[in-house]
Each structure stands twice: as C-alpha cells, then as structure tokens.
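For reference, the structure discussed in these notes is given below.
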Amino acid sequence: MRITGTDGGGGRRRRAAALATTVLTASALLLTGCSSDDDSGTSADGSITLTVADFGQFGYKEAGLFAQYHKLHPKITVKEEVTANEQDYYPKLLQQLNTGSGLGDVTGIEVGRIKEVVDTQADKFADLSKSIDVKDWVSWKENQATTKDGKVVGAGTDIGPMSLCYRRDLFEKAGLPTDREEVAKAIAGGWEDYLKLGEQYKKKAPSGTYFMDSASAMFNAVVSSSDKQYYDTDGKPVYKDSASVQQGWDLSAEAASKKLTHGLPQFTDAWTAALRKGSVATVACPAWMAGQISTNSGDAYKGKWDISRAPGSTAANWGGSFLAVPQGGRHVKEATELVKWLTAPEQQAAVFEAIGVFPSNKGAYELADVKSAKLPYFNNAPIGEIYADEAKSIPEAVLGPKDAVIKDTISTQINNMEQRGTKPADAWKAATETIDKAIG
C-alpha cells in the first residue's frame, strides 16, 4: 500500500500530539447533533443516528468508514461533530459531562487529557472492557485509559511513534548525508547528536533556512522517550526534578543559544508559512506529523522530504487519542459496537492509508496495507516498517492529570528563549511559577 502523504494532517496535535504543539489546523466540517422522531433518538422505522464528537482529524470520514458502517448496518447513520482545536473541545466536553447534556454518543479524548478523565470522570463513561479485548492494543495504550479497578474508559485510536523528517535537498547543499540510513547513523547517539548535526548544517546552511522548526518541538520529542515525565506513580508532580524534562530543557536552551532553530511554535500561521516557503530542514516527526508537513509544504517539495529513524536508541511516543462512550447516552450498546468496529485492525489500517496516522491496535501491524506502507511524498520512506518497529518498544509513560498544562507552559517559555532571547534561568522560573499556580 502506498500513502499519498497529501491527504490532510495526521493526528491530533496531541494527538497526534503536546497540546500547544498538538493543536491541529486542519479544517473540519461542523455538523449539528442527531435528529430523531422522539426523545429516544429512534425513528419510527427503528433507524437511529449515532453522533461521534471529536477534534482535529481522526480520519474516519476521509477513510469512508462512516458510510461503510451504514452499509453494514442500514438502520444506523453516523454523523460527526468536529472541533478543529482540541483546546476548545476539551473544556466543552467537561461542561457537557457535568451537565449531562450535549454529549455525543461517542467522544474523542486526547492522550494529554486521559489521566484526568480516568481519575475524575470514569463513572460517566461505559466500561469498554466488557466488549473489547485490551490485549489487542500495545499494552501501554489501554493502560492509559484503564482505572485502578479495571474499567476501560476509552478504546485506543492512534499512537505517535517518533521519527525525524528532513529535507534531503537542504542536507545535500549543507554537505550532510542524505540517505535515511546514513542520517539515522549520524544521530544514533541521541538528541545531543542531533544538535551536533545541526551545528554542521549551520556552517553551510542554504540562505534563509534553519536546521529545526522549533526547540519546543524537540523538547516534546525528548520527554516523550522517557517513562518518567511530569508525574510520579503516586500522582505527584515531579517535573522540576524529572531527568527527561531537564534534558529536554537543556537541549532546547542550547538549540536556542546556537541559533539552530527557526523559533516557530508548531501549527501557527508562521510555522505553516515556513513549511510552504521551504525554510525548515528538520522536524521532530511523530507519525501524524508527516501529513502536516506534506499538506503545508505542498507539491513544490514532494520527494525532497524524507524520513529517518528518530535520534537515539530509545523509542518514543508523542500523541494518540481514544474513543469513549458516555454512560448516559441514548444508544450506549450501539455506540460501543461502533467504537469496537472503528478501532479494529482493518479500520485502523484504513485510516492509516487515508491520512497517515499510525494504529494502536497491534493486529494492524501485520496487515499488508500497514506493514509495507511507503510514503511517496517523503521519497517513498518505508513508514510501515519504521513506525511499527518503534511502536513495539515504546516505554509506558507515567501520565498525570495536568500533563498538557505543564507541557504547554514549558513550551511557551522555550518559545520565549528562541524568539525574545529570554535567559534560560528566567524562562524556567517563569514556567515553574505559572505551572504551580495552574496545578495548585
């Protein structure tokens, strides 16, 4: 199977993937809620409408899955209510859960929110463990959505195994290796090697280009490779003492001071303009990012981008979402069956083919459409192989209820180091003060 790489953005800028760095800019069609002939949501002939409320681009419409489900179940019509920005979607979801009204039959939940939902909202969702075998997913994925007493709040959609997207033509002009295997060797020692490669690039960099888009993106990639990030297993915030956070911060400060970064927060207008202009040489690349790059870079750079394995030997995951079924819905049984079908291997493979987001269901990895997938836009990079190998060894990260808040706040201060020249000590002080106020 060959993925075009130009069919919209992948992931939920997390997904995938980092809520500030995880915000999608893909356009979405906003649909109204279900209509029905009575309060039960069932028409006179027994037909029902199921509403899927999500954010960004989950890929179901693009893959034709809602239409396919209707063919399989003629009396069920599926409609989608999409909010483009997850940061707008989540507060609305919490409000709907509190009031018990306005909820979709199926709701999307971003990975940066799942811990808070599991800890504080689990009683408002159906237990999917009774209908879905959690062993079908990579183990850490469903653990993220499982309560201490074994209730599964959400079924895994995608994940964001890490890679590095790079411009072959810019590397060649700067005298760097262009073959993806050679690039992987050059950064095999980790993100420190990545910065060393950036210094080499800067010496002969084509005019008006920068080695990386943003240091905050690199920060998220570094932290994502560790099982210990912002919280400990007891639920205590430990970001100030986290080795992965400290490493990511130090590397970001180094990148900013050495002018290796364009200083553009991801998914902003300036960031998309830079991709369109062709002034960025590398992007930390979870699986869903390839769609963003190809969409925003356009036909002018098709074949000039490539994908290498991520820096270092430790696998990383950035992003991923879940589908959940509100317990108070009118069609819990039918909604649960829809979730089970949407997250099965064949449907996850179809979404992968449509928009490039990588499955969390292990069964999809052995399907030909995933296993042999290549991305023409990225010089036919073997993404099925790259991402499947990465996905199998991703460590299980400890999640906390305010991961997204912490990540966003630190990213903002990294942006200040890049754009305003804020000293690292001052930026860190500002970040910690803001976070402490936000999380109590």
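Coordinate-derived values only; no laboratory data. Because the structure is a prediction, the values reported are computed rather than measured. Note that we place each Cβ from the backbone using ideal geometry, even for glycine, and neighbour counts take in every protein chain shown.
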Counting lysine pairs in the range 268-396 that sit 8 or more positions apart or on different chains, with Cα atoms under 28 Å apart, gives 17
Under 20 Å from the ASP389 label point (7 Å along Cα→beta-carbon), backbone N, the range 159-178: 159-168, 177-178
Given unit charges at Cβ for Lys, Arg (+) and Asp, Glu (-), the dipole magnitude of the chain about its Cα centre in debye, nearest 20, is 1120
Share, in percent, of DSSP beta bridges within the range 33-155 that are antiparallel, nearest 5: 15
What number comes out for the charge environment of LYS362, summing +1 per Lys or Arg and -1 per Asp or Glu over other residues with Cβ under 10 Å away? +1
Return the lysines within reach of LYS115: Cα separation strictly under 19 angstrom, same-chain partners fewer than 8 residues apart disregarded; answer none if there are no such residues. LYS92, LYS124, LYS141, LYS148, LYS151, LYS228, LYS236, LYS402, LYS407
Which distance in nm do the two modelled labels at GLN68 and LYS148 give, with both placed 7 Å along the Cα-to-Cβ direction? 4.0
Mean residue ellipticity at 222 nm from the helices of the chain, using -39,500 (n - 2.57) per DSSP H segment of n ≥ 4 over the full residue count, to the nearest 500 deg cm²/dmol? -12000 deg cm²/dmol
I want the local charge near MET162. Using Cβ-Cβ distances under 10 Å, sum +1 for each Lys or Arg and -1 for each Asp or Glu among the other residues. 0
State the extension gain, in nm to one decimal, for the chain segment bounded by ALA368 and LYS259, taking 0.36 nm per residue of separation less the distance between their alpha-carbons. 35.0 nm
Contour minus end-to-end for LYS196 and ASP227, with contour as 0.36 nm per residue of separation and end-to-end as the Cα-Cα distance? 8.6 nm
DSSP beta bridges in the chain: the antiparallel percent, rounded to 5, is 65
